[in-house]
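Peer 1: Quick one: this structure, given as structure tokens, is what I'll be asking you about.
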Amino acid sequence: MIWWLRSRDAVVIVVATVLTALLGIALRRTVLPLPVLTGIGGRFLLGALVAVVPAVLWLNGTGRTGAGVEATALRPVHRWDTALAAGLAGTALVVSGSAYLLVDDDIALVVGRNITFYLAAAVLLGACVGPRVAGPCMSGMPIVVGVAGWNGRFPEPWAVILHPGRSAAALVATFVLMAVACVVGAVGCRGEPLGSAEPSIS
């Protein structure tokens, strides 16, 4: 357990998650203008953009050791990793929910929901392609969704991270995605994901 905590920098990631949530809330409605595929200028809250940081840090922690090393471990490392992601999401939701009660601004709900969404996506991507490939994919996800996720002035149904904080559909979709991610992460992948193989020494 101590080895796992150190290899993941678990304490650092928890602190970073809390700080990310607070930063996202503090940014309020600061908007990043983006071009969109429909030709109409889009908008992306900076608070929603920084919410990807915990997911990227989580992937960085899980990608430090090779899949071959962890596959031979006697401990359920992939389950611990999944529990860490779920715990980070829960932490973000508690922080953002508390902030929402204090300031009554749905940007707090947006930040908590998006941190949870990104963490769920990170677990799924990490299981499918490995954390070393999933990391860059997660880093680019907010911009890709911000560019392609608008239908005129309204977000596409699938662009969950662009929906307002009080959107029940976006919140339900996020929780469903996290539930699926927890199941996939707890079961673990069969075989080595793309990009996670250990280099051979000749």
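Peer 1: Just for the stretch 45-58: of the residues that are at pLDDT 90 or above and open to solvent by less than 30 Å² (accessible area, probe 1.4 Å), which one is farthest from residue 97 (Cα to Cα)?
Peer 2: Here the answer is 58.
Peer 1: Is there a residue being open to solvent by 30 Å² or more (accessible area, probe 1.4 Å), of a type in the set (Phe, Trp, Tyr) and not in a helix (DSSP H, G or I) anywhere in the stretch 116-131?
Peer 2: Within the stretch 116-131, none of the residues are open to solvent by 30 Å² or more (accessible area, probe 1.4 Å), of a type in the set (Phe, Trp, Tyr) and not in a helix (DSSP H, G or I).
Peer 1: Do you know which residues across the stretch 95-108 are assigned to a helix (DSSP H, G or I) and surrounded by fewer than 22 Cβ atoms within 10 Å (Cβ to Cβ)?
Peer 2: 97, 98, 99, 100, 101, 102, 103
Peer 1: Going through the stretch 150-161 one residue at a time, which ones are under 19 Å from residue 120 (Cα atoms), open to solvent by less than 50 Å² (accessible area, probe 1.4 Å) and not β-branched (Val, Ile, Thr)?
Peer 2: 159
Peer 1: Moving on. How many of the residues in the stretch 95-131 are without any contact (Cβ under 8 Å) to a residue 12 or more places away in the chain and of a type in the set (A, V, I, L, M)?
Peer 2: Residues that pass the stated criteria total 2.
Peer 1: Now a separate question. Kindly indicate whether residue 147 is modelled with pLDDT under 85, open to solvent by 20 Å² or more (accessible area, probe 1.4 Å) and more than 11 Å from residue 55 (Cβ to Cβ).
Peer 2: Working: modelled with pLDDT under 85: yes; open to solvent by 20 Å² or more (accessible area, probe 1.4 Å): yes; more than 11 Å from residue 55 (Cβ to Cβ): yes.
When the stated conditions are applied, residue 147 passes them.
Peer 1: Name the residue that is modelled with the lowest pLDDT, counting only residues in the stretch 71-89 that are out of contact with any Ser or Thr (no Cβ under 8 Å at 6 or more places or on another chain) and open to solvent by less than 30 Å² (accessible area, probe 1.4 Å).
Peer 2: The qualifying residue modelled with the lowest pLDDT is 77.
Peer 1: Restricting to the stretch 164-189, give me the number of residues that are open to solvent by less than 80 Å² (accessible area, probe 1.4 Å) and either among the acidic types (Asp, Glu) or more than 16 Å from the chain's Cα centre (by Cα) (or both).
Peer 2: Summing the residues that are open to solvent by less than 80 Å² (accessible area, probe 1.4 Å) and either among the acidic types (Asp, Glu) or more than 16 Å from the chain's Cα centre (by Cα) (or both) in the stretch 164-189 gives 8.
Peer 1: Does residue 166 satisfy the criteria of being touching an Asp or Glu at 6+ places or on another chain (Cβ under 6 Å) and either among the charged types (D, E, K, R) or closer than 21 Å to residue 32 by Cβ (or both)?
Peer 2: Spelling it out, residue 166 is indeed touching an Asp or Glu at 6+ places or on another chain (Cβ under 6 Å) and either among the charged types (D, E, K, R) or closer than 21 Å to residue 32 by Cβ (or both).
Condition check ((1) open to solvent by 70 Å² or more (accessible area, probe 1.4 Å); (2) modelled with pLDDT under 70; (3) over 24 Å from residue 108 (Cα atoms); (4) in a helix (DSSP H, G or I)) across all residues:
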position: 3; (1), (2), (3), (4): yes, yes, yes, yes
position: 6; (1), (2), (3), (4): yes, no, yes, yes
position: 11; (1), (2), (3), (4): yes, no, no, yes
position: 16; (1), (2), (3), (4): no, no, no, yes
position: 21; (1), (2), (3), (4): no, no, no, yes
position: 24; (1), (2), (3), (4): no, no, no, yes
position: 29; (1), (2), (3), (4): yes, no, no, no
position: 33; (1), (2), (3), (4): yes, yes, no, no
position: 43; (1), (2), (3), (4): yes, yes, no, no
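The values are calculated or read from the model by the stated rules, or taken from the named source; none is laboratory data. Note that the structure is predicted; figures quoted are calculated from it, not measured. Neighbour counts run over all protein chains shown; Cβ positions are idealised from the backbone, glycine included. Side chains included, ligands, DNA and RNA excluded: accessible areas come from the protein's heavy atoms. Shrake-Rupley method; radii C 1.70, N 1.55, O 1.52, S 1.80 Å.
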